[in-house]
Amino acid sequence: MNIVVQKFGGTSVASLERMQQVMKKVLAARAHGNKLVVVLSAMSGETNKLIALANQFSEEPDPAELDVLVTTGEQISVALFAMLLKDAGVKARSLLGYQVPIETDSDFCRARIVNIDTDRIRAMLEEYDVLVMAGFQGCDCHGRITTLGRGGSDTSGVAIAAALKADTCEIYTDVDGVYTTDPNICSQARKLSRVTYDEMLEMASMGAKVLQIRSVEFAKKYNVPVHVRSTFSDEPGTMVIQEDKSMEAVLVSGIAYDKDQARVTVYDVIDQPGVAAAIFGPLAEDGILVDMIIQNTSREGRTDMTFTIPRADLKKTMRILEGTKAQIGAKDIQYDTGVCKVSVIGVGMRNHSGVAAKAFAALSKENVNILMISTSEIKITCLIEEKYMALAVHTLHEAFELGKNGTNAC
Ligand code: ADP
Ligand code: ASP
Ligand code: MG
């Protein structure tokens, strides 16, 4: 049995007309004799609406109940699309996360998949030609509904493809593929025909929301080639694949940005062993992803600690820090939400020096002040004021000549 997994995002299922476009892709794959698992997101804007509704009812909505609420978005999409397929004479049915089942841990709102029972779904594929599966959702071992974090339908798609050892895994979206940077921000952005798992991991973790980071982790772990492409054209998109020798020749492959960030500074903490652990331990226990961290040199036995977190976690972070403030002897805690991360990414950086210097020079030429810096083997990230985001993306894109095909020099 040839199995094809196709995942369609929110904009692709936003209306009847768009679902009819989706249907063309599904019917074309079926006409080639494939069995399909079609993974759908909620209709565009629906998840945001549901979260806003929850926030009207509760200051900090209970995560488990929030998951019950937001999964209704995907439930609507799969029901409507399965109706369309049936009306077109296709043997199809909808499947919610718990019906697959997509088994996850109990970390509500950001659950991880722990198991997918493929026997059941394979048996269903004998009976049906198309299974329309709700993305983003699963259930834990107690039967409670969970979600996989924002953008999680990508992960549902790749995970089901990995579990079923599908022949093809296609992620259909509103752009033609993975670009050198967000094509909606920079008109010079160029579509990449291939990108490595590692580059895509960095791009996704640095804010390129075209693929959720966990979907790329899955793809890399189980070696699933992922084809990112457009619902609205037949052009080939971008293959996300394992690195090969030729890919190392490219120094920088993309620029990512992340506006959903906040910077927090804890002032005048006592500079002694255990203080960093006292600050970051409780944040980690609550699942808050701390990214860039700077500890200033100490003066008179006291120091400041500055770090970035996802903006959505700011309220929780401040509550937790207020709780540890006395223990660490902090005099003050301040935060800033007008910041944004801009990152330069490329596997070729491993073997070249001077990439960071070139990025800093380009930003300084435009008078963009760098507030914090962090680096990894294949990435340089600068925290800057949010108002400079588009300028910084353009400037870096141009500095590394990403609009041009081929390798880029340093
Ligand atoms: P979907 O609803 O299909 O899951 P998303 O909105 O989650 O789609 O992701 C697609 C969006 O990702 C694009 O519209 C684009 O604005 C954004 N994006 C950010 N960085 C990139 C990039 N490097 N390449 C392509 N798209 C990107
Ligand atoms: N509907 C969910 C979200 O908006 C999941 C997804 O679209 O991938 O985050
Ligand atoms: Mg998405």
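Considering each residue of the range 217-236, count those that are in contact with a strand residue (DSSP E or B) (Cβ under 7 Å, 6 or more places away or on another chain) and within 12 Å of T155 (Cβ to Cβ), and give that number. Number satisfying all stated conditions: 3.
With respect to (1) closer than 21 Å to S253 by Cα; (2) part of a loop (DSSP other than H, G, I, E, B), the lone exception for L391 is condition (2).
Matching residues to (1) surrounded by fewer than 16 Cβ atoms within 10 Å (Cβ to Cβ); (2) within 27 Å of S343 (Cα to Cα):
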| residue | (1), (2) |
| --- | --- |
| L251 | no, yes |
| A256 | no, yes |
| K259 | yes, yes |
| A262 | no, yes |
| I270 | yes, no |
| P273 | yes, no |
| I279 | no, yes |
| A284 | yes, yes |
| G287 | yes, yes |
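Touching a helix residue (DSSP H, G or I) at 6+ places or on another chain (Cβ under 6 Å), of a type outside the set (F, W, Y), exposed (fewer than 14 other Cβ atoms within 10 Å of the Cβ) and farther than 20 Å from C186 by Cβ: is that true of E322 in this structure? No.
Residues checked against (1) touching a Lys or Arg at 6+ places or on another chain (Cβ under 9 Å); (2) over 16 Å from R110 (Cβ atoms); (3) not in a helix (DSSP H, G or I):
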residue: I255; (1), (2), (3): no, yes, yes
residue: A262; (1), (2), (3): yes, yes, yes
residue: T265; (1), (2), (3): no, yes, yes
residue: A276; (1), (2), (3): no, yes, no
residue: I294; (1), (2), (3): no, yes, yes
residue: A312; (1), (2), (3): yes, no, no
residue: E322; (1), (2), (3): no, yes, no
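Kindly evaluate L164 against the criterion of being closer than 10 Å to V5 by Cα, away from ligand 1 (no atom under 16 Å from the Cβ), aliphatic (A, V, I, L, M) and buried (at least 24 other Cβ atoms within 10 Å of the Cβ). It is false that L164 is closer than 10 Å to V5 by Cα, away from ligand 1 (no atom under 16 Å from the Cβ), aliphatic (A, V, I, L, M) and buried (at least 24 other Cβ atoms within 10 Å of the Cβ).
So which residues in the range 50-70 are within 16 Å of ligand 1 (Cβ to nearest atom) and in contact (Cβ under 8 Å) with a residue 24 or more places away in the chain? Can you show your working first?
Just the residues of the range 50-70 that are within 16 Å of ligand 1 (Cβ to nearest atom), to begin with: 50-51, 70.
Of everything in the range 50-70, just one residue is within 16 Å of ligand 1 (Cβ to nearest atom) and in contact (Cβ under 8 Å) with a residue 24 or more places away in the chain, namely V70.
The one condition from (1) in contact (Cβ under 8 Å) with a residue 60 or more places away in the chain; (2) in contact with a Ser or Thr (Cβ under 9 Å, 6 or more places away or on another chain) that H352 does not meet is (2).
Beta carbons closer than 8 Å, at least 6 apart along the sequence or on distinct chains, pair a first residue in the range 174-185 that is touching a residue at least 24 places away in the same chain (Cβ under 8 Å) and farther than 17 Å from E199 by Cβ with a second that is part of a loop (DSSP other than H, G, I, E, B) and aromatic (F, W, Y) for D174/F232. Residues of the range 135-154 that are near ligand 2 (Cβ under 8 Å from one of its atoms) and either on the phi < 0 side of the Ramachandran plot or crowded, with 24+ Cβ neighbours inside 10 Å (or both): G135, F136, T147, L148, R150, G152, S153, D154.
Any read-out appearing in this document is the output of simple, stated calculations on the displayed coordinates, not a laboratory observation. The model shown is predicted, which means the values in this text are computed figures rather than measured ones. We place every Cβ from the backbone using ideal geometry, glycine too, and count neighbours over all the protein chains shown.
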